[in-house]
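Everything below concerns the one structure shown next.
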């Protein structure tokens with residue numbers, strides 16, 4: 001027969017100060033854990049929500065990212081004529097030969113970073129319906145105009161509607177703002193591939209994007225792009241390509257995990273401390289419980305439960321503490337693409353649950369030894385103890 | 001009195017050890033976090049010499065290379081001692097793909113910097129062979145390379161490979177990039193990518209001793225303000241700091257975590273001290289009865305906290321220093337983190353913090369314990 005949960009709850013309430021201090025201590029560890037994971041999750045969500053499943057994106061074989069890819073014009077033009085490409089609303093094949101360049105821009109706050117300018121072909125915008133115009137208008141090819149994503153416009157100087165961005169001798173006017181939701185495109189500035197090429201003296205392309213007519217055509221296209229000796233490109237579906245870019249968050253993830261584990265060790269010691277104190281001061285109670293007929297196991301279970309309650313309380317507190325972070329936009333450099341990526345912290349229910357589970361582990365580790373100690377106390381001795 | 005404090009601290013040995021360990025783990029983490037921030041800012045790379053090294057690149061983008069013709073113009077500018085091309089070549093080495101960067105530079109420049117010494121015979125061999133490379137000593141160890149080895153660096157951005165012979169090695173703060181001849185890079189570019197020939201990502205400029213590098217930098221940018229590609233010249237330090245600033249809020253994020261860690265330790269230590277005081281309500285009343293002044297008793301409890309948290313803190317700080325001295329972070333992280341120097345300031349700061357937290361965490365429980373009327377304290381049974 002087990003000791004009722006109410007007993008543990010009341011005990012925690014009686015030892016208020018100690019309980020609160022331990023709960024907050026564990027809460028802080030959990031908060032750090034959940035916050036880091038929310039950052040990683042934010043980056044992951046940005047990349048996995050990017051892309052239409054029928055789109056095919058090709059970069060140079062061996063390149064790590066679009067900005068680090070160079071495709072000779074011959075290869076790009078050959079890719080354009082492949083069979084199986086879907087037709088756009090204007091009746092032409094839905095394909096876009098694109099250039100990407102990063103420019104060093106100052107943040108509105110402080111410091112600077114590389115911001116990506118993507119030069120698109122005619123079909124480029126239709127291939128990416130996620131980007132919707134929210135202010136001004138789309139750039140007109142040939143006039144050195146830019147349409148900037150909402151997040152970049154807010155975070156970088158000279159990027160807001162009506163402002164002028166200067167790259168060397170070229171002056172670009174910002175004529176519109178687009179919203180690309182939470183996709184990778186939300187960290188970009190768009191213009192026409194021709195204008196970008198002439199401003200940066202580039203004849204080469206960075207990537208080729210196209211929409212396949214159907215799933216079979218898509219498989220065929222990917223195979224052709226890789227095998228055709230004129231091209232030899234690394235082609236994937238657009239979602240698959242952006243999924244590979246989530247590797248960008250690996251360093252943060254490793255760092256966050258290491259910090260969280262070290263903090264958890266510290267918190268587990270603290271929890272153990274609290275539980276030992278609880279056991280020590282309740283010697284008589286334990287003896288009474290034993291005298292009432294509760295088994296050793298029941299007592300051990302009861303104390304472990306109490307430790308778990310303490311820890312889970314901390315987990316919930318820590319998780320709630322991090323909730324305000326949900327949706328906060330921030331940016332860091334994607335080292336694979338060597339440019340700014342903006343993302344939103346994502347505190348998902350799953351992460352919250354992971355945080356609580358993480359706390360529970362701390363509670364278990366901290367609670368088992370004291371609980372065993374309580375269960376081993378001899379009732380007679382414990383009764384006598386003052 | 002000191003004896004009493006120590007006796008008290010050791011009375012509940014398990015609690016003392018657990019608290020001290022908890023503080024030690026946290027201090028270890030704090031020292032690591034602070035070191036991380038320092039290293040992110042590239043401070044280990046800074047030296048007296050590095051102030052004299054300037055990097056001149058396109059003001060628009062690192063992706064817009066500068067014409068080689070700039071080299072001669074740079075060399076003629078006042079205050080400039082030597083100029084070298086500075087071209088990154090992102091690549092990977094063999095299988096499994098090990099991503100890295102090699103730097104193509106002027107062979108006459110390599111080995112002349114006191115920060116990066118090269119043995120004279122190796123330097124001569126390197127300069128004589130255009131398809132050779134100088135490799136950082138730590139990298140030689142990591143890949144098990146020997147002098148005379150042939151290695152191939154396959155380009156990930158540019159469509160060609162550098163096949164080089166290792167002719168020399170160098171020590172110095174930056175240990176993550178082999179150096180190759182710029183002429184060889186340029187030849188390969190001529191064959192594989194004609195649009196990219198006779199251009200370099202940036203120039204490395206060393207100023208003469210005694211002149212202000214910042215002024216030389218301004219002169220350079222003024223000289224090229226109306227040229228085909230305007231330049232941006234920064235000290236090597238600012239160039240490195242620029243990458244740290246690209247990281248955005250990461251430093252802030254780490255600082256917030258560090259603050260959270262401090263907060264957590266205070267909670268843990270406070271908990272321990274209030275437990276200790278609660279247990280001794282009776283005793284404190286007795287001490288007061290026999291004439292100890294409240295201030296003395298508070299001092300005693302604070303002293304005990306200092307002994308526990310201070311001891312734990314010391315353990316954590318020494319542990320961190322020992323850990324990062326014993327283990328080579330360069331090898332542990334496959335060369336991604338080059339340095340992890342725990343500075344004396346960091347150690348001092350961490351210890352001061354441990355002492356501060358010990359005092360803060362003891363004050364409230366101590367005062368609360370002392371303020372209790374003697375009679376109430378004596379009546380207390382638990």
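Normalised by 2.2 N^0.38 Å, where N is the number of residues, the alpha-carbon radius of gyration of segment B:72-205 equals 1.03. Per residue, the convex hull spanned by the alpha carbons of chain B comes to 181 Å³.
If I take R0 = 56 Å and measure r between the Cβ atoms of residue B:14 and residue A:89 in this structure, what FRET efficiency does the formula 1/(1 + (r/R0)^6) give, to the nearest 0.05? For residue B:14 and residue A:89, the calculated efficiency is 0.15. Residues within the reach of a label modelled at residue B:94 (point 7 angstrom out along Cα to beta-carbon, backbone nitrogen below 15 Å), restricted to segment B:144-163, are B:144-154, B:163.
Note: relative contact order over chain B, using C-alpha pairs below 8 Å and six or more positions apart, is 27 percent. Looking at segment A:1-156, what % of the alpha carbon pairs are farther apart than 25 Å? Of all Cα-Cα distances in segment A:1-156, 55 percent exceed 25 Å.
Given R₀ = 45 Å, what would the calculated FRET efficiency be for residue A:140 paired with residue B:223, taking r from the Cβ atoms and rounding to 0.05? Once the sixth-power term is evaluated, E becomes 0.80. Entry note, chain A: relative contact order of 29 percent, from Cα contacts under 8 Å with a spacing of 6+ residues. Look at the stretch A:28-39: the mean tally of other chain Cβ atoms within 10 Å of its residues' Cβ atoms is 3. Note down the Stokes-Einstein diffusion coefficient of segment B:91-141 in µm²/s, whole number, using a Kirkwood radius over alpha carbon pairs, 20 °C, and 1.002 mPa s. Reported coefficient: 173 µm²/s. With the cut-off at under 17 Å, measuring from each backbone N in segment A:3-33 to a point 7 Å along the Cα-to-Cβ line of residue A:292 picks out A:3-14. Spread over its residues, the convex hull of the C-alpha atoms of segment B:193-252 is 138 Å³ per residue. Placing dummy labels 7 Å off each Cα toward the beta-carbon, the span from residue B:190 to residue A:244 is 3.4 nm. Here the simple spin-label model places points 7 Å from the Cα toward Cβ, and for residue B:7 and residue A:49 these points are separated by 6.6 nm. Round to a whole angstrom and tell me the spacing of the C-alpha centers of segment B:110-173 and segment A:312-363. Here the answer is 43 Å between Cα centres.
Measuring between their Cα centroids, segment A:3-61 and segment B:274-290 lie 41 Å from each other. To the nearest 10 degrees, how steeply does helix A:296-322 sit against the main Cα axis of chain A, on a 0 to 90 scale? For helix A:296-322, the angle is close to 40 degrees.
Estimated from the Cβ-Cβ distance and a Förster radius of 45 angstrom, the FRET efficiency linking residue A:215 and residue B:326 is about 0.20.
Rounded to the nearest 10 degrees, what's the angle between the helix B:213-223 long axis and the longest principal axis of chain B, both from Cα atoms, 0 to 90? Approximately 40 degrees, to the nearest ten.
The calculated 222 nm mean residue ellipticity attributable to helices in chain A amounts to -16000 deg cm²/dmol, summing -39500 (n - 2.57) over DSSP H runs of n ≥ 4 and dividing by all residues. Of A:164, B:304, the sequence from fewest to most neighbouring Cβ atoms within 10 angstrom is A:164, B:304.
Indicate the gyration tensor shape class of segment A:254-363 (rounded, prolate or oblate), computed on the Cα atoms with a ≥ b ≥ c the square roots of the eigenvalues: a/c under 1.5 is rounded; otherwise a/b larger than b/c is prolate and the rest oblate.
Prolate is the answer for segment A:254-363, as a/c is 1.5 or above and a/b outweighs b/c.
The helix-only estimate of mean residue ellipticity at 222 nm for chain B, built from DSSP H runs of length n ≥ 4 each weighted as -39500 (n - 2.57), is -16500 deg cm²/dmol after division by the residue total. In degrees from 0 to 90, rounded to the nearest 10, what is the angle of the helix A:349-376 Cα long axis to the longest principal axis of chain A? Computed tilt is about 20 degrees.
The mean count of C-beta atoms from other chains within 10 Å of the C-beta of residues in A:259-267, rounded to a whole number, is 6. What the Cα convex hull of the protein assembly as shown gives, in volume per residue, is 203 Å³. Arranged from fewest to most other beta-carbon atoms within 10 Å of their beta carbon, B:103, B:265, B:364 become B:364, B:103, B:265. Each principal axis of the Cα atoms in chain A has its own extent, and those three values, largest first, are 93, 45, 31 angstrom.
Label-to-label distance for residue B:214 and residue B:154 is 4.7 nm, based on points extended 7 Å past Cα in the beta-carbon direction.
As a rough footprinting exposure proxy, the listed residues A:303, B:340 were ranked by other beta carbons within 10 Å of their own, and the order from fewest upward is B:340, A:303. Here is the P(r) of segment A:143-239: all C-alpha pair distances, binned every 10 Å from 0, give 14, 32, 30, 20, 4 in whole percents. Summary of the geometry: segment B:353-377 and segment A:68-101, compared by the centres of their Cα atoms, lie 73 Å apart.
Taking a spot 7 Å from the Cα of residue A:378 along the direction of its beta carbon, which residues of segment A:260-301 have an amide N less than 17 Å from it? Counting backbone N atoms under 17 Å from the label point, the list is A:283-284, A:286-288, A:290-291, A:296. For segment B:5-107, the relative contact order comes to 12 percent (Cα pairs under 8 Å, sequence separation of at least 6).
Just so you know, all these numbers are worked out from the coordinates, no wet-lab data involved. Quick caveat, the model's predicted, so the values are computed rather than measured. Quick reminder, even Gly has a Cβ in these numbers, built from the backbone with ideal geometry, and neighbours come from all protein chains shown.
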